[in-house]
Amino acid sequence: MAVAAVGGGNPYIPKLAEILKVKEESPDVKTFTFKLKNGEFNFKAGQFVEVSVFGMGEAPFTLSSSPFDTEKFEVSIMRVGSVTAAIHQKKEGDIVGIRGPYGTHFPLEKCEGKNITIVGGGIGIAPLRSLIYALIHEREKYNNIKVLYGAREPRLIVYKDLWDEFKKHVEVYLTVDFADETWKGHVGVVTSLFDVVKVDPKDNMAFVCGPPIMIKFVTQKLLELGFAPENIHLSLERMMKCGIGKCGHCNIGKYYVCRDGAVFTYDMIKDIPNPF
Amino acid sequence: MLTEDMLDEVGIERRAGPPPKFLFLPPREKMFEYFLRGDVEIKVSLEELEGVLLLGLRACDLKALEMLDKVLLEEPADAYYKAKRENVTIISLDCAEPSDSCFCVALGLKPYAEGGFDLNMSRVDGGYLLEAGSERGRELLTLLEEFTEDASSSQLEERQKKREDVTKRLEEKYVVKSAAKIKEDVSLLEDEYFEGLAGMCVECFGCIYSCPTCYCFYVFEEPEDETWRRVRIWDPCLSEAFQRVAAV
């Protein structure tokens, strides 16, 4: 038995990180700000990390903060199971484990001089928030930017305090499936926004993330509008476990989502049966 | 050449049941452990297999290892697999009596190894021919010098003939198809065909114990007193829960 230095070339060993901040976004979503105990953290918008809650387990989350911040990073986590419930109990100063960043990223290099259409549903807006930060950081490089975001109900809209800030730099359209008395905006599923927002597919790069059914219908809509399959970027999610293309859990067709995605162009996955 | 009685005792003509992956990717493996009290401190131990020799692997076993290597040694390499895989010596053996269930030629393989071994053994009249396939194998041949003699040309011919005979016997059993052709044939099968196959599966997951190439694993945390372990176990892709999305 040889005892290896912690981490030393072993991709399964998490790095320790401290929780700097916990922010409640909606009744079941919290955004956690982390800082690695040792070193900087560099990533690109669209990439994900594996977060270890010690004594519970590990789960994948896409980074939702600006990739231009190398000091700290954020993930927004919806409480849906054992690991996510455990992390929702965590407070400032608590320690978690981080592996990554893993996976492909949104190709900003392909977007220069182009129009950009971002479509998010529910907590699926998290990776797109990272993209929006990145685009705003170098706003002059890009043409028109539209963000279409839908949540089930007004109280489930996340990043409530950010939308006004984003509106200074990009066009923002919000919708809810079910309105309440506080809601003055559009009502309907996110694809219904395309009836009121004019989107020209020419020189337009689309970025989509949300629940599988939403991704499916948004993709259909974008194709109908005339978007080229290679210009539709989808952030998919599977049970990414190892993050490095070994454990087999996130396999779709010939891809491992953790290694060949999670950002795919529709062109890459269109021939796979039931890719969503 | 090594004499026959030296090895008959070991019984290498009989194939081992479990595939070699048991050794390199065990059914259950500790990845690391940590204490939850105070600061989290992660302890990792990588098990290396020193002085382990795998004797009598067939060409199909070596091909299976080649496929596992492709997945698990591709960067970033699986540290646990790599630590075990690196120091094991492999001595393979030509297949003299393929069983009724053998199908190597149908996948474009030969019943004898063409690479992936340190030493390969071929049975000929009166003993075995030894061939080195790596630096480690050449070192072994040097060590065995006093027990071996140079192979004669007639022995080399005998090996060639035996290899051709076994290959021919297997090829008569199977129409040899290219991998591309097999892929095409499979793509033409209707969903009902696979539904029929799936209907026979009772989810016992015995398949992962006999398959020499499947490598998927599941990871979980396990406590013991005040220590926690992260453990991985083989995970069958035929299980319904295998591809459950998120919800963790």
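The values are calculated or read from the model by the stated rules, or taken from the named source; none is laboratory data. On a predicted model such as this, the values are computed, not experimentally measured, just so you know. Heads up, the Cβs are rebuilt from the backbone with ideal geometry, glycines too, and the neighbour counts pull from every protein chain shown. We work out accessible area using only protein heavy atoms, side chains counted, and drop any ligands, DNA or RNA first. Shrake-Rupley method; radii C 1.70, N 1.55, O 1.52, S 1.80 Å.
Points worth noting:
- Test result for A:LEU108, more than 16 Å from A:GLU25 (Cβ to Cβ) and either touching a residue at least 60 places away in the same chain (Cβ under 8 Å) or surrounded by fewer than 20 Cβ atoms within 10 Å (Cβ to Cβ) (or both): yes
- Against the criterion of being modelled with pLDDT of 95 or more, outside any helix (DSSP H, G or I) and surrounded by fewer than 19 Cβ atoms within 10 Å (Cβ to Cβ), B:PRO18 does not qualify.
- Check on A:VAL147, part of a loop (DSSP other than H, G, I, E, B), at pLDDT 95 or above, buried (at least 19 other Cβ atoms within 10 Å of the Cβ) and touching a strand residue (DSSP E or B) at 6+ places or on another chain (Cβ under 7 Å): no
- Counting residues in the stretch A:28-50 that are part of a strand (DSSP E or B) and within 11 Å of another protein chain (Cβ to nearest Cβ) gives one or more.
- Candidate set: the stretch B:202-228, residues that are among the charged types (D, E, K, R) and either within 11 Å of another protein chain (Cβ to nearest Cβ) or within 18 Å of A:ASN251 (Cβ to Cβ) (or both); chosen: the one most open to solvent (accessible area, probe 1.4 Å): B:GLU226
- Taking the stretch A:130-144 as the range and being part of a helix (DSSP H, G or I) and over 18 Å from A:VAL119 (Cα atoms) as the test, the residues that pass are A:HIS137, A:ARG139, A:GLU140, A:LYS141.
- Test: B:ARG244 is open to solvent by 100 Å² or more (accessible area, probe 1.4 Å), at pLDDT below 95 and within 14 Å of chain A (Cβ to nearest Cβ): yes
- Inside the stretch B:39-59, residues that are open to solvent by 80 Å² or more (accessible area, probe 1.4 Å) and more than 8 Å from every other protein chain (Cβ to nearest Cβ) make up a count of 4.
- Selection within the stretch B:215-248 - of a type outside the set (Phe, Trp, Tyr), in contact (Cβ under 8 Å) with a residue 40 or more places away in the chain and under 18 Å from A:CYS242 (Cα atoms): B:VAL219, B:ARG229, B:ARG230, B:VAL231, B:ARG232, B:ILE233
- Identity of the residue in the stretch B:113-132, under 14 Å from the mean Cα position of the chain (by Cα) and without any contact (Cβ under 8 Å) to a residue 60 or more places away in the chain, that ends up most open to solvent (accessible area, probe 1.4 Å): B:GLY116
- Residue list for the stretch A:28-54, filter: of a type in the set (D, E, K, R) and in contact with a Phe, Trp or Tyr (Cβ under 6 Å, 6 or more places away or on another chain): none
- The stretch A:150-187, subset open to solvent by 30 Å² or more (accessible area, probe 1.4 Å) and β-branched (Val, Ile, Thr), residue farthest from A:ARG129 (Cα to Cα): A:THR182
- Residue list for the stretch B:146-163, restricted to those being surrounded by 15 or more Cβ atoms within 10 Å (Cβ to Cβ) and either on the phi > 0 side of the Ramachandran plot or not in a loop (DSSP other than H, G, I, E, B) (or both): B:GLN155, B:GLU158, B:ARG159, B:LYS162, B:ARG163
- Taken over the stretch A:111-123, the residue count meeting the criterion of being part of a helix (DSSP H, G or I) and crowded, with 24+ Cβ neighbours inside 10 Å is 1.
- Answer residue from the stretch B:85-106, given it is open to solvent by less than 10 Å² (accessible area, probe 1.4 Å) and over 13 Å from the mean Cα position of the chain (by Cα) and is modelled with the lowest pLDDT among those: B:VAL105
- Odd one out for A:SER65 among (1) open to solvent by less than 20 Å² (accessible area, probe 1.4 Å); (2) out of contact with any Asp or Glu (no Cβ under 6 Å at 6 or more places or on another chain); (3) closer than 15 Å to A:THR33 by Cα; (4) not charged (D, E, K, R): (2)
- Filter pass, B:ALA64 being open to solvent by less than 50 Å² (accessible area, probe 1.4 Å) and within 11 Å of chain A (Cβ to nearest Cβ): no
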